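Student: Handing you this structure, nothing more for now.
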Amino acid sequence: MIVAKQKPIEEIIEEVKDSKKLLILGCNECVTVCEAGGKKEVAVLASALRMYFMNKGQEITIDEHTLERQCDHEYLEEIRGNIDQYDAVLSLACGVGVQFMAEKYFNIPILPGVDTCFMGATEERGVWSERCQGCGKCVLAKTGGICPVSRCAKRLFNGPCGGSTKGHCEINKDVVCGWQLIIDRLKELGKLDDYETLAPIKDWSTERAGGPRKVVREDLQA
Amino acid sequence: MRLQYPENIRIVSIPCTGKVDLIHILRAFEKGADGVYVVGCLEGECRYIRGNLRARKRVEKAQAILESVGIGGERVQMYNLSSSEGPKFAEFATEMTEKIKGLGPNPIKLNKKKAA
Ligand code: SF4
Ligand code: SF4
């Protein structure tokens, strides 16, 4: 999923402070799972903001709503009939949702309430960590199912750098060396031969280096 | 056992403090409560294992939020006691009441009055 964390309240206040009628819009998918922008977080943030503005003696109406997703037309359309009454929307969806909202509702400011961090997994409640950077050409079949792009600080493809020490990365001893993980798993799978095979130079044009990306499936298009 | 505790306190009973959510605490302040405290069982003695520890974390989160929006984090507090400690319950009630009296009313209420 996409992992996000809520922005500091001070930053959110700064974003919304001129609004008279604000909609806080949550998303029921990734940001709900990482407890940054689901229905519960919408309610808590709305309550906190109401108190802040009441305490300042500033009049503001804050409404709450949560959509199934903010990255799909059909769900965003659900609020078309209601949205004109707001002078701003604070979206707690990831950066994708915020932008898709902004494209659709062009004349209303759509403000981000979370910082979108990465694609990752829930290690345990309250701990999320990165697993994939969407490089566009997955090499997991060759690397024991562990991603050298997202889990090696230097994105190396042919084994660890000289800084790998006792299974940890030289950039930070709390970071596990991605290549240590790869080698351990290849060993477990009896596939250490894969480690001996030289990986060709990676084509980064399918990653961000090639500019904004798009997937088109003509077989699915109307 | 009949014990006196300040009459300004409104008790909301719940089966376990683990049921207390962040939003419940915040809503109380939004509606004008001057202080909120959660009284749970002793740590390590929760029938549901972690209910009172969860409640403590939510109380701490509420403190941080209330502090950042200018209401004051010290208006929320977590207390623990065992079910046989009636006098302690009364003691906490008095302690909290004194503390809130010292802090004064919820600033939102003051602002509402000013506006009216
Ligand atoms: S190799 Fe690329 S696509 Fe595969 S997990 Fe790593 S970043 Fe993601
Ligand atoms: S120590 Fe490991 S994770 Fe860190 S840069 Fe070197 S190979 Fe990559």
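The values are calculated or read from the model by the stated rules, or taken from the named source; none is laboratory data. Quantities reported herein were computed from a predicted structural model and do not represent experimental measurements. We place every Cβ from the backbone using ideal geometry, glycine too, and count neighbours over all the protein chains shown. These accessible areas exclude ligands, DNA and RNA; they are computed on the full protein's heavy atoms, side chains included. Shrake-Rupley method; radii C 1.70, N 1.55, O 1.52, S 1.80 Å.
Student: Taking the options A:Asp18, A:Asp87, name whichever one is within 17 Å of B:Val69 (Cα to Cα), more than 14 Å from chain B (Cβ to nearest Cβ) and out of contact with any Phe, Trp or Tyr (no Cβ under 6 Å at 6 or more places or on another chain). Give the steps one after another, and end with the answer.
Tutor: Numbers: A:Asp87 fails: within 17 Å of B:Val69 (Cα to Cα).
Only one candidate qualifies: A:Asp18.
Student: If A:Cys177 meets every condition in (1) in contact (Cβ under 8 Å) with a residue 24 or more places away in the chain; (2) more than 6 Å from ligand 2 (Cβ to nearest atom); (3) within 24 Å of the chain's Cα centre (by Cα) apart from one, which number is that one?
Tutor: Status for A:Cys177: all satisfied but (2).
Student: Which one of B:Leu22, B:Leu66, B:Leu26 is within 12 Å of another protein chain (Cβ to nearest Cβ), crowded, with 17+ Cβ neighbours inside 10 Å and under 11 Å from the mean Cα position of the chain (by Cα)? Break it down stepwise before answering.
Tutor: Details: B:Leu22 fails: under 11 Å from the mean Cα position of the chain (by Cα); B:Leu66 fails: under 11 Å from the mean Cα position of the chain (by Cα).
Within the list B:Leu22, B:Leu66, B:Leu26, the selection yields B:Leu26.
Student: Something else now. Given the criteria open to solvent by 30 Å² or more (accessible area, probe 1.4 Å) and either within 24 Å of A:Gln58 (Cα to Cα) or away from chain A (no Cβ under 14 Å) (or both), does B:Ile11 qualify?
Tutor: Working: open to solvent by 30 Å² or more (accessible area, probe 1.4 Å): yes; either within 24 Å of A:Gln58 (Cα to Cα) or away from chain A (no Cβ under 14 Å) (or both): yes.
For B:Ile11, the condition - open to solvent by 30 Å² or more (accessible area, probe 1.4 Å) and either within 24 Å of A:Gln58 (Cα to Cα) or away from chain A (no Cβ under 14 Å) (or both) - is met.
Student: Oh, and also: Go through (1) within 26 Å of B:Pro107 (Cβ to Cβ); (2) more than 13 Å from every other protein chain (Cβ to nearest Cβ) and name the single condition A:Gly37 misses.
Tutor: Evaluating A:Gly37 over (1) within 26 Å of B:Pro107 (Cβ to Cβ); (2) more than 13 Å from every other protein chain (Cβ to nearest Cβ) leaves (1) as the failure.
Student: While we're looking at this one, here's another question. Just name the residue that is nearest to the other protein chains (Cβ to nearest Cβ) out of those in region A:40-54 that are in contact (Cβ under 8 Å) with a residue 24 or more places away in the chain and open to solvent by less than 10 Å² (accessible area, probe 1.4 Å). Before you say what the answer is, go through the steps one by one.
Tutor: Our first condition is that a residue be in contact (Cβ under 8 Å) with a residue 24 or more places away in the chain; within region A:40-54, this holds for A:41-42, A:45, A:48-49, A:52.
Filter once more, so that each one left must be open to solvent by less than 10 Å² (accessible area, probe 1.4 Å): A:42, A:45, A:48-49.
Working: A:Val42: 10, A:Leu45: 9, A:Ala48: 5, A:Leu49: 8 Å.
Among them, the one singled out is A:Ala48.
Student: Taking into account only those residues within region A:99-126 that are within 14 Å of chain B (Cβ to nearest Cβ) and of a type in the set (D, E, K, R), which is farthest from ligand 2 (Cβ to nearest atom)?
Tutor: The qualifying residue farthest from ligand 2 (Cβ to nearest atom) is A:Arg125.
Student: Which number in (1) modelled with pLDDT of 95 or more; (2) more than 14 Å from chain A (Cβ to nearest Cβ) marks the one condition that B:Cys46 misses?
Tutor: Only one criterion is unmet by B:Cys46, namely (1).
Student: Just to be sure, is A:Cys169 within 7 Å of ligand 2 (Cβ to nearest atom), at pLDDT 95 or above and closer than 26 Å to A:Arg213 by Cα? Full working, then the answer.
Tutor: Working: within 7 Å of ligand 2 (Cβ to nearest atom): yes; at pLDDT 95 or above: yes; closer than 26 Å to A:Arg213 by Cα: no.
When the stated conditions are applied, A:Cys169 does not pass them.
Student: Would it be correct to say that A:Ser129 is within 16 Å of ligand 2 (Cβ to nearest atom), away from every other protein chain (no Cβ under 14 Å) and hydroxyl-bearing (Ser, Thr, Tyr)? It would help to see each step written out before you state the result.
Tutor: Working: within 16 Å of ligand 2 (Cβ to nearest atom): yes; away from every other protein chain (no Cβ under 14 Å): yes; hydroxyl-bearing (Ser, Thr, Tyr): yes.
Taking the combined requirement at face value, the residue satisfies it.
Student: Further question on the same structure: Among the residues of region A:151-182, which ones are part of a helix (DSSP H, G or I), within 12 Å of ligand 1 (Cβ to nearest atom) and either within 14 Å of another protein chain (Cβ to nearest Cβ) or open to solvent by 20 Å² or more (accessible area, probe 1.4 Å) (or both)?
Tutor: Keep residues of region A:151-182 that are part of a helix (DSSP H, G or I), which gives A:151, A:178-182.
Checking the rest, the ones that are also within 12 Å of ligand 1 (Cβ to nearest atom) come to A:151, A:178, A:182.
Once the filter is applied, which keeps residues that are part of a helix (DSSP H, G or I), within 12 Å of ligand 1 (Cβ to nearest atom) and either within 14 Å of another protein chain (Cβ to nearest Cβ) or open to solvent by 20 Å² or more (accessible area, probe 1.4 Å) (or both), region A:151-182 yields only A:Arg151.
Student: Considering only region A:55-66, I want to know if a residue exists there that is surrounded by 22 or more Cβ atoms within 10 Å (Cβ to Cβ), among the aliphatic types (A, V, I, L, M) and under 25 Å from B:Leu22 (Cβ atoms).
Tutor: No, region A:55-66 contains no residue that is surrounded by 22 or more Cβ atoms within 10 Å (Cβ to Cβ), among the aliphatic types (A, V, I, L, M) and under 25 Å from B:Leu22 (Cβ atoms).
Student: Let me ask you something else. Against the definition (farther than 30 Å from A:Leu156 by Cβ, surrounded by fewer than 15 Cβ atoms within 10 Å (Cβ to Cβ) and not assigned by TED's automatic domain parsing to the domain that holds A:Ile60), how does A:Gly126 come out, yes or no?
Tutor: On the way: farther than 30 Å from A:Leu156 by Cβ: yes; surrounded by fewer than 15 Cβ atoms within 10 Å (Cβ to Cβ): yes; not assigned by TED's automatic domain parsing to the domain that holds A:Ile60: yes.
For A:Gly126, the condition - farther than 30 Å from A:Leu156 by Cβ, surrounded by fewer than 15 Cβ atoms within 10 Å (Cβ to Cβ) and not assigned by TED's automatic domain parsing to the domain that holds A:Ile60 - is met.
Student: Can you name the number of the only condition in (1) more than 23 Å from A:Gly95 (Cα to Cα); (2) open to solvent by 60 Å² or more (accessible area, probe 1.4 Å); (3) away from ligand 2 (no atom under 16 Å from the Cβ) that A:Asp194 fails?
Tutor: (2)
Student: Condition test on A:Pro148, is it open to solvent by 40 Å² or more (accessible area, probe 1.4 Å) and in contact with a Gly (Cβ under 8 Å, 6 or more places away or on another chain)?
Tutor: When the stated conditions are applied, A:Pro148 does not pass them.
Student: Among the candidates A:Gly95, A:Gly145, A:Gly81, which residue alone is more than 14 Å from chain B (Cβ to nearest Cβ), over 30 Å from A:Ala43 (Cβ atoms) and either more than 16 Å from ligand 1 (Cβ to nearest atom) or small (Gly, Ala, Ser) (or both)? Give the derivation first.
Tutor: Numbers: A:Gly95 fails: over 30 Å from A:Ala43 (Cβ atoms); A:Gly81 fails: over 30 Å from A:Ala43 (Cβ atoms).
Checking each option against the conditions leaves just A:Gly145.
Student: Let me ask something else about it. Looking only at region B:35-48, decide whether some residue is touching a residue at least 60 places away in the same chain (Cβ under 8 Å) and either surrounded by 19 or more Cβ atoms within 10 Å (Cβ to Cβ) or in a loop (DSSP other than H, G, I, E, B) (or both).
Tutor: Yes: region B:35-48 contains one or more residues that are touching a residue at least 60 places away in the same chain (Cβ under 8 Å) and either surrounded by 19 or more Cβ atoms within 10 Å (Cβ to Cβ) or in a loop (DSSP other than H, G, I, E, B) (or both).
Student: Just to be sure I understand, how many residues within region B:49-63 are open to solvent by 40 Å² or more (accessible area, probe 1.4 Å) and within 14 Å of chain A (Cβ to nearest Cβ)?
Tutor: Of region B:49-63, the ones open to solvent by 40 Å² or more (accessible area, probe 1.4 Å) are B:49-50, B:53-54, B:56-58, B:60-61, B:63.
In the following step, the residues that additionally are within 14 Å of chain A (Cβ to nearest Cβ) were identified as B:50, B:53-54, B:57-58, B:60-61, B:63.
The number of residues fulfilling the criteria is 8.
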